[in-house]
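Here is the structure we will look at.
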Amino acid sequence: MRYSGLIEKYRDRLPVTASTPVISLGEGNTPLIELRNLPAILGTDVQMFVKFEGLNPTGSFKDRGMTMAVTKAVEAGSKAIICASTGNTSAAAAAYAARAGIGCFVLIPEGKIALGKLAQAMMHGSTVIQIQGNFDDGMRLVQELSSDMPVALVNSVNPYRLQGQKTISFEIIEALGDAPDYHVLPVGNAGNISGHWMGYSESVCQQTEACGLCHGACPYHPAKPIATKRPIMIGNQAAGAAPFLRGEMVKNPETIATAIRIGHPMSWNLAWAAVRESGGWFNECTDQEILAAQALLARHEGVFCEPSSATGFAGLIKDIQAGRIKAGSRIVITLTGHGLKDPDTAIAQSSKPHLVAAERGAIGDLISKHL
Ligand code: AN7
């Protein structure tokens with residue numbers, strides 16, 4: 001059967017009915033890629049898989065939550081949506097609003113949004129409002145505006161967002177046959193770690209001990225991805241925007257990973273619950289560590305994610321080096337967004353193209369030098 005998006009696939013586990021008008025771009029169903037070269041380079045025997053969310057329709061995991069939020073907004077009769085964003089939420093909101101034929105207003109921090117994301121919000125026809133403030137200022141403003149204007153708020157404080165985002169965990173359990181030992185991801189506004197945890201929690205079979213038939217012919221959940229456990233959750237932040245490490249909100253967050261330049265995360269309690277209940281922890285990574293992790297994935301695995309997305313892997317490298325990860329473990333790392341979102345940062349850290357005459361000799365010499 002043709003794959004037609006995560007609402008159709010997981011309809012029995014999402015708050016939709018047969019008459020809900022589904023707004024979808026075929027999101028979800030992203031590849032789970034095993035890292036082949038980096039474990040050896042890092043000197044570890046752990047098994048690592050990246051869930052490449054950059055391959056969603058607008059290039060980030062935000063599409064999972066946005067298909068649900070926009071579907072429910074349309075079902076409720078909304079004619080316009082609004083969000084604050086560091087970039088990816090605005091790109092997803094703009095695209096799904098265009099698909100639904102409704103209006104879209106996005107508030108973005110002036111000058112602190114990656115070029116690809118700005119291009120998306122503009123191209124899909126949303127009203128792009130640059131504010132002279134950061135994401136946290138925008139978040140406060142959209143909450144105020146949506147409370148007394150006819151615009152539906154689609155940031156992750158909208159509970160339908162997490163409903164959509166939880167489906168990533170269903171896909172991982174289906175692919176691996178069970179939950180991994182650890183799940184590693186970047187944390188900004190903290191909706192995603194909360195959605196992951198919700199998905200894993202809903203997948204744990206309450207009957208495992210009673211029937212012992214998991215992965216066989218389970219009479220309780222014959223067709224559902226069932227996990228026998230939940231993973232240890234590890235949330236990773238940029239050092240300049242790490243309220244979970246500080247234990248309090250950060251007033252002026254700063255990092256090259258602009259997607260997670262957030263000091264006042266909305267899903268504070270849910271994210272702490274995920275980390276505490278799972279026996280996990282938070283890490284912070286410097287901008288240099290984030291860029292190094294991004295480059296490792298690009299150069300040794302052929303996987304190009306944006307800097308914020310590499311923050312999870314950056315934290316994992318530190319955990320492996322510190323001996324915090326059990327030998328032989330199976331780890332899933334969510335890569336939240338595509339590297340093409342932020343070409344400026346990629347080009348700035350790469351070596352420049354060679355400029356030579358359009359002659360066989362000059363180019364041949366260059367090739368010989370690099371063979
Ligand atoms: C690539 O677009 O908050 O912890 O406004 O774009 O769920 O916030 C983006 C967040 C990680 C953090 N990686 O996820 C927005 C926005 C990428 C992101 C995060 C974001 P949350």
- So, first residue over 13 Å from ALA238 (Cβ atoms) in the stretch 249-277, second residue hydrophobic (A, V, I, L, M, F, W, C) and part of a loop (DSSP other than H, G, I, E, B), Cβ within less than 7 Å, six or more apart or across chains; the pairs are HIS264/MET249; MET266/VAL157; MET266/ALA190; SER267/ALA190; TRP268/ALA190; LEU270/ALA190; ALA271/VAL187; ALA271/ALA190
- Message: Against the condition out of contact with any strand residue (DSSP E or B) (no Cβ under 6 Å at 6 or more places or on another chain), of a type outside the set (Val, Ile, Thr) and more than 15 Å from the ligand (Cβ to nearest atom), how does GLN294 come out, does it pass?
- Response: no
- Can you tell me which of LEU141, LEU118, LEU107 is closer than 21 Å to LEU335 by Cα and of a type outside the set (Gly, Ala, Ser)? LEU118
- Which of the residues belonging to the stretch 62-83 are away from the ligand (no atom under 13 Å from the Cβ), under 26 Å from ILE260 (Cα atoms) and either part of a loop (DSSP other than H, G, I, E, B) or touching a Leu at 6+ places or on another chain (Cβ under 8 Å) (or both)? THR67, MET68, ILE81
- Task: Select from the stretch 297-311 the residues that are away from the ligand (no atom under 13 Å from the Cβ) and in a helix (DSSP H, G or I) and list them in ascending order.
- Result: LEU297, ALA298, ARG299, HIS300, GLU301
- Item | Matching residues, the stretch 84-112, being assigned to a loop (DSSP other than H, G, I, E, B), under 19 Å from LEU25 (Cβ atoms) and either in contact with a Cys (Cβ under 9 Å, 6 or more places away or on another chain) or modelled with pLDDT under 95 (or both) | none
- Note on the structure: Of (1) in contact with a strand residue (DSSP E or B) (Cβ under 9 Å, 6 or more places away or on another chain); (2) crowded, with 23+ Cβ neighbours inside 10 Å, LYS166 fails just (1)
- How many residues are within 19 Å of HIS338 (Cβ to Cβ) and among the aliphatic types (A, V, I, L, M) when one looks only at the stretch 107-137? 9
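Quick one: count up the residues across the stretch 153-189 that are among the small types (Gly, Ala, Ser), within 16 Å of the ligand (Cβ to nearest atom) and touching a residue at least 60 places away in the same chain (Cβ under 8 Å).
3
If you scan the stretch 337-355, which residues turn out to be outside any loop (DSSP other than H, G, I, E, B) and within 16 Å of the ligand (Cβ to nearest atom)?
GLY337, HIS338, GLY339, LEU340, LYS341, PRO343, ASP344, THR345, ALA346
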- Here the residues within the stretch 84-111 that are closer than 18 Å to ALA241 by Cβ, touching a residue at least 40 places away in the same chain (Cβ under 8 Å) and either more than 11 Å from the ligand (Cβ to nearest atom) or hydroxyl-bearing (Ser, Thr, Tyr) (or both) are SER85, THR86, THR89
- Query: Looking at the stretch 41-54, is at least one residue free of Cβ contacts under 8 Å to residues at least 12 places away in the same chain, under 30 Å from ALA293 (Cα atoms), in contact with a strand residue (DSSP E or B) (Cβ under 7 Å, 6 or more places away or on another chain) and outside any strand (DSSP E or B)?
  - Reply: no
- Message: When you check THR311 against the structure, is it within 18 Å of LEU115 (Cβ to Cβ), among the hydroxyl-bearing types (Ser, Thr, Tyr) and under 19 Å from the mean Cα position of the chain (by Cα), yes or no?
- Response: no
- Message: Cβ contacts < 8 Å: first residue within 16 Å of VAL154 (Cα to Cα) and in contact (Cβ under 8 Å) with a residue 24 or more places away in the chain, restricted to the stretch 191-204; second residue of a type in the set (D, E, K, R) and more than 7 Å from the ligand (Cβ to nearest atom), any location; separation 6+ or different chain. Result?
- Response: GLY191/ARG161; GLY195/ARG64; GLY195/ARG161; GLY195/LYS166
- Query: Which residues, counting only those in the stretch 253-289, are among the β-branched types (Val, Ile, Thr), crowded, with 18+ Cβ neighbours inside 10 Å and out of contact with any Pro (no Cβ under 7 Å at 6 or more places or on another chain)?
  - Reply: THR255, THR258, VAL275
- Consider ALA327 against the criteria (1) assigned to a helix (DSSP H, G or I); (2) over 18 Å from the mean Cα position of the chain (by Cα): it satisfies all of them except one. Which criterion is unmet? (1)
- Is it true that GLU284 is of a type outside the set (A, V, I, L, M), modelled with pLDDT of 95 or more and assigned to a loop (DSSP other than H, G, I, E, B)? no
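The values are calculated or read from the model by the stated rules, or taken from the named source; none is laboratory data. The shown structure was predicted, so the numbers you read here are calculated from the model rather than taken from an experiment. We place every Cβ from the backbone using ideal geometry, glycine too, and count neighbours over all the protein chains shown.
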